[in-house]
Structure formats: structure tokens, C-alpha cells
Amino acid sequence: MPLLWNETEHSVGHPLLDEQHRTLLSICHQLAGLSADDTPHAEGGFLDVLGELARYADTHFETEESLLKKHGYPELTDQIGEHDEYRARMTLFLRNARHGVLERSRIQAYLVDWWLGHIANTDMKFRGFLEARLAADPSGAA
């Protein structure tokens with residue numbers, strides 16, 4: 001499945017979160033290219049980009065959770081739980097890779113499923129909620 005941004009399917013209606021989602025999908029797209037390349041350079045590059053993805057995802061999760069907390073999102077605990085599960089899986093992938101076990105195709109498949117599923121399902125649940133809150137208080141967009 002391609003990691004291409006689709007405004008209709010992926011936009012959560014908040015410019016900063018949408019930009020972060022685009023960046024996350026772009027990083028995943030980079031990993032897809034490195035996953036298909038069997039050269040030693042690509043393996044090292046895959047690990048580097050995987051680390052970049054883990055770091056950027058943490059930044060994104062902090063931004064998203066802070067924004068949702070600020071607006072009193074009722075399903076924030078579930079959102080944080082999904083983020084924590086993702087962090088745990090990424091930690092495992094990175095730890096295994098440091099010990100010589102880098103299953104690029106398995107990691108890539110997980111990332112595609114997780115990111116597209118998370119954005120299209122979990123994150124879209126807060127779209128209407130956040131849009132209503134921001135319409136009532138436009139100064140609360142950040």
C-alpha cells in the first residue's frame with residue numbers, strides 16, 4: 001500500500017497535525033525505498049531513517065496529545081495508549097536492529113499498516129471534536 005497523503009482520507013482538520021502526518025508518511029516512504037534495496041548501505045540507511053521516524057513520531061505524539069488535552073478530548077487515554085504501544089514496538093525494532101536483527105520488510109509492513117490505520121481511524125475520530133472546539137475558540141489552534 002503506498003504511503004501517499006490523501007487530504008480526504010488523512011486530514012484531521014488541523015494544519016500542524018496534518019503537516020506532521022505528511023512528514024511521518026514521507027519518512028515511511030523513504031523507509032519503503034530502503035527496504036527494497038539489499039545493499040549494505042541501504043541497511044544502514046534504513047536503521048538511520050527508522051531512528052529518525054521514532055524521534056519525529058515522539059515529537060508528533062507530544063504535539064497531538066498536548067493539543068487534545070488542552071481541548072478536553074474525551075478519548076485521550078485511548079489515543080495515548082495507541083501511541084505508547086507504537087513507541088514500545090519501535091523500541092523493540094530498534095533494539096533488535098542494534099543486535100543484528102533488522103527485518104526491514106516486516107518493519108515496513110507494520111509501519112504502513114500502523115500509520116495509515118492510525119491516521120485514518122483513530123485520529124479521524126477527533127477531527128469533528130477538534131474542529132468544533134477550534135470554531136468556538138479560534139485562538140486555541142496551537
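No lab work stands behind these numbers, since they all come straight from the coordinates. Note that the structure is predicted; figures quoted are calculated from it, not measured. Quick reminder, even Gly has a Cβ in these numbers, built from the backbone with ideal geometry, and neighbours come from all protein chains shown.
Structural remarks
- For region 7-140: Kirkwood Rh in Å [reciprocal of mean 1/r, alpha carbons]: 15.7
- For region 67-75, 3J(HN,Hα) computed residue by residue from phi via the Karplus equation (6.51, -1.76, 1.60; θ = phi - 60°) reads 5, 5, 5, 4, 9, x, 4, x, 9 Hz, glycine and proline entered as x.
- The stretch between residue 52 and residue 5 holds 15.0 nm of extra length on full extension. This uses 0.36 nm per residue minus the Cα-Cα distance.
- Largest GNM mean-square fluctuation among 18, 123, 38, using the chain with Cα springs under 10 Å: 38.
- For region 46-54, the Karplus equation 6.51 cos²θ - 1.76 cosθ + 1.60, evaluated at θ = phi - 60°, returns couplings of 4, 5, 4, 5, 4, x, 4, 4, 4 Hz by residue, with Gly and Pro reported as x.
- By the count of neighbouring beta-carbon atoms within 10 Å, fewest first, 22, 95 end up ordered 95, 22.
- The phi-based Karplus calculation (6.51 cos²θ - 1.76 cosθ + 1.60; θ = phi - 60°) puts the 3J(HN,Hα) values of region 30-36 at 4, 4, 4, x, 6, 5, 7 Hz, whole numbers, x for Gly and Pro.
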